[in-house]
Every structure is written in C-alpha cells, then in structure tokens.
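The values are calculated or read from the model by the stated rules, or taken from the named source; none is laboratory data. These numbers come from a predicted model, not from an experiment. All Cβ positions, glycine included, derive from the backbone under ideal geometry; neighbour counts span all protein chains shown. Note: areas computed on protein heavy atoms with side chains; ligands, DNA, RNA excluded. Shrake-Rupley method; radii C 1.70, N 1.55, O 1.52, S 1.80 Å.
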Amino acid sequence: MASPTRRRERPMPAEVPPAPRRTPTLIYDGECGFCRESVGLVRRWDREHRLAIVPFQDQERVAAFGIPLTALAAAMHLVLPDGRVFAGADAAPELLRLLPGKRWLAWPFSLPGVLPVARRVYAWIARRRRCLVRGYPAR
C-alpha cells in the first residue's frame, strides 16, 4: 500500500515591520474652520516642509497610525517618526520645536503649571471650535 503523500508545509513568511516614518505627521480636523486656519499658520511657519499635514477625514492615510477616529476627532495629533504620539495641547510644544525659528515658543510649556492650563484652554477651544472662526464654516 502506498503511503499517503505528505504535504510539505511552507514556512510562513516573517511579518515585515512597517517602514519607519521619516516625517512627523500632524493630523487635524479638516472640516473645522478654526483648525484649518491654525494649520494654515503651521504651513506658513513650516518653510522647510518638515511636517506631513493630514486631515483625519483622510481615513486611508490616518489608518496607518492606528489612532481611533474618535480620538482624532477630539484633538489634533502629532505623530513623530519614532512612534511617539502627542495630542491636543501636549502636541503644541513638540510641534513648535519642529518648526524653523519657532523652537523658542515651546519653552513656556516647560514652566510649572503652563501645560495643565494649556490643556484646559485647548479642551475649551476644542468643544467650541466650529463656531470660533466666523466665515470658515465646517465643510
């Protein structure tokens, strides 16, 4: 009697780690007038094009970051090439450090009490952002 043929199992290919991101990425609400104005300022300051700027509504591009859409809708997120993620007011000093000539604007955030106050101000603005900039309605 012939022995049953044995199927050779192929080794599973090792998972290829995702390519490292070389560019810090700012994710924002592209439907918010206040956010678009703020990002416009960041773009003007980013003369050396150090940042990728992506609206969270571009789900295909933001999916790679693995950040829940509810979190992205609540606050801007800065994703650094080393994988660190900063959201809301915590992203502001990191963002300023990346912009040419704006690093000096980040130092006040290191003073005691400034970041907690900035977080409260950011949260207040985030809750009201769609009505803060007249003439720039949500798209």
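The table below lists the values:
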{"quantity": "E94 - accessible surface, heavy atoms, 1.4 Å probe, Å² rounded to 10", "calculated": "40 Å²"}
{"quantity": "R128, R22, R47, reordered so the largest accessible area comes first (probe 1.4 Å)", "calculated": "R22, R47, R128"}
{"quantity": "Accessible area of the stretch 37-139 divided out per residue, in Å², using a probe of 1.4 angstrom", "calculated": "64 Å²"}
{"quantity": "Sequence of S38, S110 when ordered by accessible area, the most exposed leading, probe 1.4 angstrom", "calculated": "S110, S38"}
{"quantity": "Neighbourhood charge, 13 Å Cβ-Cβ cut-off, centred on A123 and excluding it, Lys, Arg +1 and Asp, Glu -1", "calculated": "+4"}
